[in-house]
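No value in this document is a laboratory result; all are computed from the given coordinates. Note that the structure is predicted; figures quoted are calculated from it, not measured. Glycine also receives a Cβ, built like all others from the backbone with ideal geometry; neighbour counts cover every protein chain displayed.
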Amino acid sequence: MSLFKAASTVSLLTLVSRITGLVRDLLMASAFGVSGLTDAFNVAFRIPNLLRRLFAEGAFSQAFVPVLASAKARDGDAATKLLIDDVATALVWVLLATSVVGVIAAPILVWALASGLDAKSFDAGVLMTRWMFPYIACMSLVAFSAGILNTWKHFAVPAATPVLLNLAMIGAAWLGAPWFASMGIEPIYAMAAGVMLGGILQLGVQIPALHRRGLLPRIGLTWGRLRAALPMPACARC
């Protein structure tokens with residue numbers, strides 16, 4: 001793919017993402033306005049987004065992509081695939097542990113970020129944080145997959161994924177909120193469901209793209225590779 005074509009594709013899809021993001025925000029403001037429950041959702045959504053800077057678009061991506069590109073150029077595709085498998089295994093376990101801790105510690109996190117919420121909004125914020133905390137796992141795996149595809153010069157799918165979150169949240173505000181209200185459930189909870197749906201959709205479109213190119217990670221390390229990867233004490237080598 002030429003530089004011009006790649007840049008044009010990414011730019012166009014980024015523009016679509018920004019437009020759908022604006023529509024999402026306008027629709028949410030129209031549907032929910034300013035209220036304690038809206039503040040609770042914003043707090044609950046902010047928590048996984050803060051961690052996303054560490055596990056996804058931030059430190060992880062900045063470290064992983066150059067290492068992956070260097071391994072591909074130096075060692076070839078087969079060895080790089082082993083590296084992908086190893087990193088995916090470690091990342092999945094870290095994200096699983098982080099999600100469990102986040103779900104358990106949701107009351108503390110909400111209190112730390114929004115101690116001024118009233119009791120009803122605080123409880124709603126805790127519940128929505130627990131629903132949406134696994135979103136960080138989805139987004140981290142999306143960033144991991146995007147790094148792989150970009151290294152192999154496939155840019156369209158990673159650039160298109162943010163649009164899916166916006167569309168899922170638009171659908172939640174437009175259709176989900178009235179449906180929840182008709183069942184006697186607070187409509188704002190539809191937005192939490194929309195966030196998780198968006199995360200699953202973003203990860204879901206990456207999987208076929210990786211599979212078609214033979215890059216879908218295999219989760220799990222053999223003992224021999226794990227032992228070779230870890231520094232062993234001198235007595236263990238005797």
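Brief remarks on what is shown
- Top of ALA44, ALA73, ALA90 by mean-square fluctuation, Gaussian network on the chain, Cα under 10 Å: ALA73
- Nearest-20 debye value, segment 1-143 charge dipole, Cβ charges on Lys, Arg, Asp, Glu: 260 debye
- Between the C-alpha center of segment 146-188 and that of segment 1-33 there is a gap of 12 Å.
- Over all Cα atoms in the chain, the spread is summed up by Rg and Dmax: 20.3, 70 Å.
- Between SER182 and LEU12, the simple label model (points 7 Å from Cα in the Cβ direction) yields a spacing of 3.7 nm.
- Relative intensity, log₁₀ I(q)/I(0), of segment 71-194 from a Debye sum that treats every alpha carbon as a point, q = 0.15, 0.21, 0.23 Å⁻¹: -0.87, -1.20, -1.27
- Here the residues TRP111, TRP179, ranked from fewest to most Cβ neighbours within 10 Å of their Cβ, fall in the order TRP179, TRP111.
- Placing a pseudo-label 7 Å from each Cα along the Cα-to-Cβ vector at TRP111 and ALA29 gives an inter-label distance of 3.4 nm.
- When each of TYR135, TYR189 is scored by the number of other beta-carbon atoms lying within 10 Å, the sequence from fewest to most is TYR189, TYR135.
- Shape index of segment 19-80: Rg/Rh, with Rg the Cα radius of gyration and Rh the Kirkwood radius from the inverse mean 1/r over Cα pairs, equals 1.29.
- For ILE104 and SER70, the difference between the fully extended length at 0.36 nm per residue and the C-alpha to C-alpha distance is 8.4 nm.
- Helical contribution to [θ] at 222 nm, DSSP H n ≥ 4, -39,500 (n - 2.57), averaged over the chain, rounded to 500: -26500 deg cm²/dmol
- Sequence-ordered 3J(HN,Hα) estimates for segment 64-69 from the Karplus curve with 6.51, -1.76 and 1.60 and θ = phi - 60° stand at 6, 4, x, 5, 5, 5 Hz, glycine and proline given as x.
- Backbone HN-Hα couplings from phi across segment 119-134 [Karplus 6.51/-1.76/1.60, Hz, Gly and Pro as x]: 4, 5, 5, 4, 4, 5, x, 5, 4, 5, 4, 5, 5, 9, 4, x
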